[in-house]
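Enquirer: One structure coming up, written as structure tokens, with questions to follow.
The values are calculated or read from the model by the stated rules, or taken from the named source; none is laboratory data. Treat the numbers as computed from the prediction; the structure is a model and nothing was measured. As a convention, Cβ positions derive from the backbone with ideal geometry for all residues, glycine included, and neighbour counts pool all protein chains shown. Side chains included, ligands, DNA and RNA excluded: accessible areas come from the protein's heavy atoms. Shrake-Rupley method; radii C 1.70, N 1.55, O 1.52, S 1.80 Å.
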Amino acid sequence: MLIAMINNQLVNAAEFKGQKNLANRLVCPGCRQTVIFKRGKYRIPHFSHKSNRICGSFSENESQAHLQGKLTFQRQLRAMATEAVLEYYLPTIEQRADVYLPSPKLILEYQCSPISFAELSRRTANYQSLGIDVVWVLGDHHLNAAKRLDGVAKFARFSTQLGFYIIFYSAKNQQFRIDFQIREVAGKLTSHMRLFKTLAELKRFIDHPPSALQQYSVRATNSAILHQLNRIQRSIVLKNPTYLDMVTRCYQRRKVFVGCPLICHGKEGEGWPIFRRTALCWRVWIVLQLFTSSNREISNQELNQVFKQSVQLFGQQFAQVDDYVRFFQMAFTSFIFSLRAGGYLRHTVAGVQIIKQPVWFADYDEKRQYIMTAKPEVC
């Protein structure tokens, strides 16, 4: 293995000089048994258990990557004149932080192995209860986290300029990465990515994003919408349960889910990754609630009830983003204004009034043909 400990401090084999006065105090970080330092003409410097025992805690490469990553964070933080303590224990919550920065009370957790949403949320909440912020930095195992809703829900943070973002450190490539402006476009998660050699470079980017970031925008083309509809249609034909409840809801109102009005695809076909499935399902549900009853007047109280119910049905909770409901509120307000701009409803003092019904297509083929030939502007 490449990492050992001396007096509860991690030591990298590549940096250990084989000091005789320290050699007899080397122990394994996992089992705390004695290890010895080895190096030779044809072997890289490493530590080995003196008793040749099998250590279950640090026998896998990922554990070594985790330890190397923490050492890298500490070394680079010190180069930034920032105090960094490894394996900092917090007795009141019985948790051991990977890297603790006393000022400004920040913890870096380097997550190389799988972790559940519940466990990550618990540990994050415990740190925050002590007034300590925590940033989860993901290892090589999680490099596709920004492409999955569950990964975004667990690991994403949010800032006004970067939007939803996730931070990575590849021990294999020895570089930092940030996936930012994570958005849903036509049912798929998209993001932009930057690579950095050092933690200092990454911090500068997060603290002061270049103004050019404002130009990043992804618009859903008709082709992307058709691909989304095709995926949904195949899922329905294969009786995949993903869209079963929405298909059933539409059927009960004598509608076809894939034939939903074009406005359900969003103003630009994109949105925040705040929905448990897709923004399309959420918008279709709202249209069904507003336009398939005989009521032409919808009060503000009724609108608020529709909003609250939509959050319960479609809301995606986050482990590191507080008050995610505010994003739902903004998305709901934006969609209502899109419906007004499309001439489907108008605002009144008491709420909204239905003006006309959005057009539903009879089936997938009719909608596909319309999009391919008429080339409508999705709005």
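Enquirer: Given the options 104, 45, 127, identify the residue whose Cα lies farthest towards the positive end of the charge dipole of the chain (+1 on Cβ of Lys, Arg; -1 on Cβ of Asp, Glu).
Expert: 45
Enquirer: Suppose the chain between residue 253 and residue 308 were pulled fully straight at 0.36 nm per residue; how much longer would it get relative to their current alpha carbon spacing?
Expert: Length gained, residue 253 through residue 308: 17.6 nm.
Enquirer: Continuing with this model, one more query. Connecting C-alpha atoms closer than 10 Å in a GNM of the chain, tell me which of 171, 341, 145 has the biggest fluctuation.
Expert: 341
Enquirer: If ligands, DNA and RNA are left out, what is the accessible area of residue 349 with a 1.4 Å probe, given in Å² to the nearest 10?
Expert: 150
Enquirer: Next question. Please return the longest stretch of the chain lacking exposed loop sites, where GluC sites (Glu not before Pro) count only if DSSP places them in a loop and at most 16 other Cβ atoms lie within 10 Å.
Expert: It works out to 95-267.
Enquirer: Find how many whole Å separate the alpha carbon centroid of the range 302-376 from the alpha carbon centroid of the range 83-128.
Expert: The range 83-128 and the range 302-376 have Cα centres spaced 39 Å from each other.
Enquirer: What does the C-alpha gyration tensor say about the overall shape of the range 65-148? Classify as rounded when a/c is under 1.5, otherwise prolate if a/b is larger than b/c, or oblate.
Expert: Oblate shape, in that a/c is at least 1.5 and b/c is the bigger or equal ratio.
Enquirer: Between 114, 29, 209, find the one with the highest GNM mean-square fluctuation for the chain; connect C-alpha pairs within less than 10 Å.
Expert: Fluctuation is largest for 114.
Enquirer: To continue, here is another question. Divide by every residue of the chain the summed helix terms, -39500 (n - 2.57) for each DSSP H run of at least 4, and state the resulting mean residue ellipticity at 222 nm, rounded to the nearest 500 deg cm²/dmol.
Expert: Mean residue ellipticity at 222 nm (helix-derived): -11000 deg cm²/dmol.
Enquirer: Can you list residues whose amide H is under 5 Å from residue 260's amide H, if they're 5+ apart or on another chain and H is modeled 1.01 Å from N?
Expert: Placed amide hydrogens put 361 under 5 Å from residue 260.
Enquirer: Taking the Cα-to-Cβ direction at residue 113 and at residue 355 and moving 7 Å from each Cα, how far apart do the two end points lie in nm?
Expert: 5.9
Enquirer: Given axes a ≥ b ≥ c from the Cα gyration tensor, I'd like to know whether the range 286-379 is rounded (a/c under 1.5), prolate (a/b larger than b/c) or oblate.
Expert: oblate
Enquirer: Which net charge results for the neighbourhood of residue 126, defined as the other residues with beta-carbon distances under 12 angstrom from its beta-carbon, given Lys and Arg at +1 and Asp and Glu at -1?
Expert: With Lys, Arg at +1 and Asp, Glu at -1, the neighbours total 0.
Enquirer: Only four residue types carry charge here, +1 at the Cβ of Lys and Arg and -1 at the Cβ of Asp and Glu. Report the dipole size of the chain about the Cα centre in Debye, rounded to the nearest 20.
Expert: For this selection, approximately 840 debye.
Enquirer: Efficiency by 1/(1 + (r/R0)^6): what FRET value for residue 294 and residue 223, r their Cβ-Cβ distance, R0 = 56 Å, to the nearest 0.05?
Expert: 0.90
Enquirer: Once the other residues with Cβ under 14 Å from the Cβ of residue 202 are scored (Lys, Arg +1; Asp, Glu -1), what is the net sum?
Expert: Local charge sum for residue 202: +3.
Enquirer: If R0 is 22 Å, what FRET efficiency do you get for residue 173 and residue 200 from their C-beta distance, rounded to 0.05?
Expert: 0.80
Enquirer: Next question. Taking a 1.4 Å probe, which of 141, 208 shows the most accessible area, and what order do the others take after it?
Expert: 208, 141
Enquirer: Follow-up question, since we're still on this one. Lys and Arg at +1, Asp and Glu at -1: add these up for the other residues within a Cβ distance under 13 Å of residue 318 and post the number.
Expert: Here the count lands on +1.
Enquirer: Quick one: how many Å² of residue 116 are accessible to a 1.4 Å probe, rounded to 10?
Expert: 60
Enquirer: For residue 333, what accessible surface area do you get with a 1.4 Å probe? Give it in Å², rounded to 10.
Expert: We get 60 Å² for residue 333.
Enquirer: What ranking of 86, 226 comes out by heavy-atom accessible area, probe 1.4 Å, highest first?
Expert: Accessible-area ranking of 86, 226, largest first: 226, 86.
Enquirer: A further question follows. Most mobile of 183, 157, 346 per a Gaussian network model of the chain (Cα springs, under 10 Å)?
Expert: For the chain, modelled as a Gaussian network with Cα springs under 10 Å, the answer is 346.
Enquirer: Continuing with this model, one more query. Of [x] 0.97; [y] 1.25; [z] 1.03, which is the value of Cα Rg over 2.2 N^0.38 Å derived from the coordinates here?
Expert: Matching entry in [x] 0.97; [y] 1.25; [z] 1.03: [y].
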